[in-house]
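I have placed the structure first, in the form of structure tokens, so that the comments after it can refer back to it.
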2 protein chains.
Amino acid sequence: MIRFIILGHRAHTTADFKLEDICGGAGRLDILTRCVNSAFFLSHDLRRDVQLYLVMMGGDDAPKTIRFDGSVMKYLNPDERSTASLIRNALLKKLEPDREVISSPGVFVSRKSFEQLMDELSEECRFIYLRENGEDVREYEFPENPCYILGDDRDPTEEEEAIMAKYPYDTICLGPVSLHANHCMILVHNEMDRRKAGE
Amino acid sequence: MIRFIILGHRAHTTADFKLEDICGGAGRLDILTRCVNSAFFLSHDLRRDVQLYLVMMGGDDAPKTIRFDGSVMKYLNPDERSTASLIRNALLKKLEPDREVISSPGVFVSRKSFEQLMDELSEECRFIYLRENGEDVREYEFPENPCYILGDDRDPTEEEEAIMAKYPYDTICLGPVSLHANHCMILVHNEMDRRKAGE
């Protein structure tokens with residue numbers, strides 16, 4: 001299982017934004033929708049072995065975590081607007097503490113914080129951070145259950161880095177230039193695809 | 001100079017679509033906007049050495065070619081909607097035969113067909129097609145002025161392949177799974193970035 005956690009530092013946790021204004025009014029939700037696209041889309045299929053977690057930390061009802069599960073995903077289209085609509089629907093769900101609820105097939109929402117999510121995943125996953133001084137992804141020996149952690153347009157904060165430091169992790173580098181999170185995801189997928197095909 | 005030609009088989013050539021409906025009413029313009037994003041965006045900069053050509057072949061005023069020039073680009077944002085707006089503005093421009101006009105800084109529009117564009121670029125560029133049976137991009141010796149040709153969600157038609165066959169070209173393969181055009185662009189950029197850094 002391949003996992004991605006995206007830190008949406010300003011992403012709105014209330015559905016008070018218009019689909020015409022996902023960049024501004026929704027706290028750069030556009031970035032998160034592009035990460036959904038990169039996580040799942042193949043040319044004529046979806047990547048079924050992927051889970052994506054959007055940790056949304058903006059607005060008045062933070063935190064919320066929206067989980068996209070490729071194995072049961074339906075109604076996902078590649079464009080930003082329709083994905084933002086799936087996310088907005090998830091934000092409208094009534095939530096209780098400590099319980100994840102389904103919003104639409106493959107889309108789940110909870111009140112999990114980044115810290116709770118890391119704690120939950122730490123038993124099964126190996127965490128991987130992208131850093132300019134990390135090991136080249138092309139030399140990296142992938143774990144069985146990688147979990148990549150990426151920021152939106154901002155790097156992880158000091159508080160987030162302190163949470164990340166509580167668990168073992170690897171750091172990898174994807175190339176000589178710094179890229180958007182959704183572009184980084186394409187590069188790690190390609191390297192994993194190549195390894196899998198070469199097995 | 002790095003060039004990409006994207007074949008927008010149904011992309012509307014009249015500005016008769018709403019920005020809320022770029023997937024349907026605009027003939028899968030969403031795909032083309034994602035290609036613009038992949039062509040130009042770095043983490044905190046634009047790729048200035050890139051030219052992207054959107055060959056738009058749908059609707060009542062086809063063909064039109066919209067050229068994005070990284071060296072003089074302004075007002076480009078990474079989201080689909082704002083890029084669709086730049087494209088719609090370009091489609092509103094009054095055009096004469098055989099003359100390219102500026103729509104906004106870095107965005108130019110003309111009545112060029114795919115055939116005319118190939119003919120114009122053939123002197124300076126080496127054309128490159130992506131094929132599953134092509135040479136692995138990681139082994140490929142890049143030309144000085146590569147020009148990648150990609151389809152939208154449809155492969156090139158027989159007529160387009162006949163045009164492409166008129167000029168010398170290379171074929172490369174990016175990995176074991178078939179990907180969307182905008183994802184392919186990220187992979188070729190990464191390989192070129194690595195080569196350039198290793199020079």
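The values are calculated or read from the model by the stated rules, or taken from the named source; none is laboratory data. Bear in mind the structure is a predicted one, so any value in this text is a computation, not a measurement. Backbone-built Cβ (ideal geometry, glycine too); neighbour counts: all protein chains shown. Quick note on the areas: whole protein, heavy atoms, side chains included, nothing else; ligands and nucleic acids left out. Shrake-Rupley method; radii C 1.70, N 1.55, O 1.52, S 1.80 Å.
Taking H placed 1.01 Å from N in the peptide plane, check which residues at least 5 places from B:ASP61 or on another chain put their amide H under 5 Å from its amide H.
B:THR13, B:THR14
Using only Cα atoms, find the angle between the long axis of helix A:29-40 and the longest principal axis of chain A, and express it within 0 to 90 degrees, rounded to the nearest 10.
50 degrees
Have a look at the DSSP beta bridges in segment B:2-198 and tell me what percent are antiparallel, nearest 5.
Roughly 40 percent of the DSSP beta bridges within segment B:2-198 come out antiparallel.
In this model, which of B:LYS74/B:LYS94; A:LYS74/A:LYS196; A:LYS93/A:LYS166; A:LYS64/B:LYS18; B:LYS18/B:LYS94; B:LYS112/B:LYS166 are farther than 27 Å apart at the alpha-carbon?
Beyond 27 Å between Cα atoms: A:LYS93/A:LYS166; A:LYS64/B:LYS18.
Name the most mobile residue of B:ASP60, B:ASP152, B:ASP170, meaning the one with the largest mean-square fluctuation, in a Gaussian network model of chain B with Cα contacts below 10 Å.
B:ASP60
Under a crude label model (7 Å from the Cα following the beta-carbon direction), how far is B:LEU42 from A:SER71 in nanometres?
Between B:LEU42 and A:SER71, the simple spin-label model gives 4.1 nm.
When the helices in chain A are scored as -39500 (n - 2.57) per DSSP H run of 4 or longer and the sum is shared across all residues, what 222 nm value do you end up with, to the nearest 500 deg cm²/dmol?
Value at 222 nm, helices only, nearest 500: -9000 deg cm²/dmol.
Given Cα pairs under 8 Å that are at least 6 residues apart, what percent is the relative contact order of chain B?
23 percent
On average, how much accessible surface per residue is there in the protein assembly as shown, in Å², for a 1.4 Å probe, leaving out ligands, DNA and RNA?
Here the residues of the protein assembly as shown average 44 Å² of exposed surface.
Averaged across B:177-190, how many Cβ atoms of other chains sit within 10 Å of each residue's Cβ atom?
The mean count of partner-chain Cβ atoms within 10 Å per residue comes to 6.
What's the magnitude of the charge dipole for the protein assembly as shown around its Cα centre, counting Lys and Arg as +1 and Asp and Glu as -1 at the beta-carbon? Answer in Debye, nearest 20.
1020 debye
By how many degrees, 0 to 90 and rounded to 10, does the Cα axis of helix B:181-198 deviate from the longest principal axis of chain B?
50 degrees
Residue by residue, what Karplus-based ³J(HN,Hα) values in Hz, rounded to whole numbers, does segment B:16-26 have, using 6.51, -1.76 and 1.60 with θ = phi - 60° and x for Gly and Pro?
Karplus-based 3J(HN,Hα) across segment B:16-26 equals 9, 10, 8, 5, 7, 9, 6, 6, x, x, 9 Hz.
Is the shape of segment B:53-147 best called rounded, prolate or oblate, per the rule: a/c under 1.5 gives rounded, else a/b larger than b/c gives prolate, else oblate, with a ≥ b ≥ c the square roots of the Cα gyration tensor eigenvalues?
It comes out prolate by the Cα gyration axes.
Taking Cβ-Cβ under 4.7 Å as the only way to count a partner, pick out the unpartnered cysteines of chain B.
Result for chain B is B:CYS23, B:CYS35, B:CYS173, B:CYS184, no neighbouring Cys Cβ within the cutoff.
How large is ³J(HN,Hα), in whole Hz, for each residue of segment B:72-89 in order, when computed from phi with the Karplus curve 6.51 cos²θ - 1.76 cosθ + 1.60 and θ = phi - 60°, using x for Gly and Pro?
These are the phi-based 3J(HN,Hα) values: 10, 5, 9, 6, 8, 10, x, 7, 5, 5, 5, 5, 4, 5, 4, 5, 4, 4 Hz.
Which value does Rg/Rh take for the protein assembly as shown over its C-alpha atoms, Rh per Kirkwood?
0.97
With the label 7 angstrom out along Cα to Cβ, how close does A:PRO143 come to the same site in each of the other copies, in nm, nearest first?
Distances between equivalent label points, in nm: 4.5.
Have a look at the DSSP beta bridges in the protein assembly as shown and tell me what percent are antiparallel, nearest 5.
40 percent
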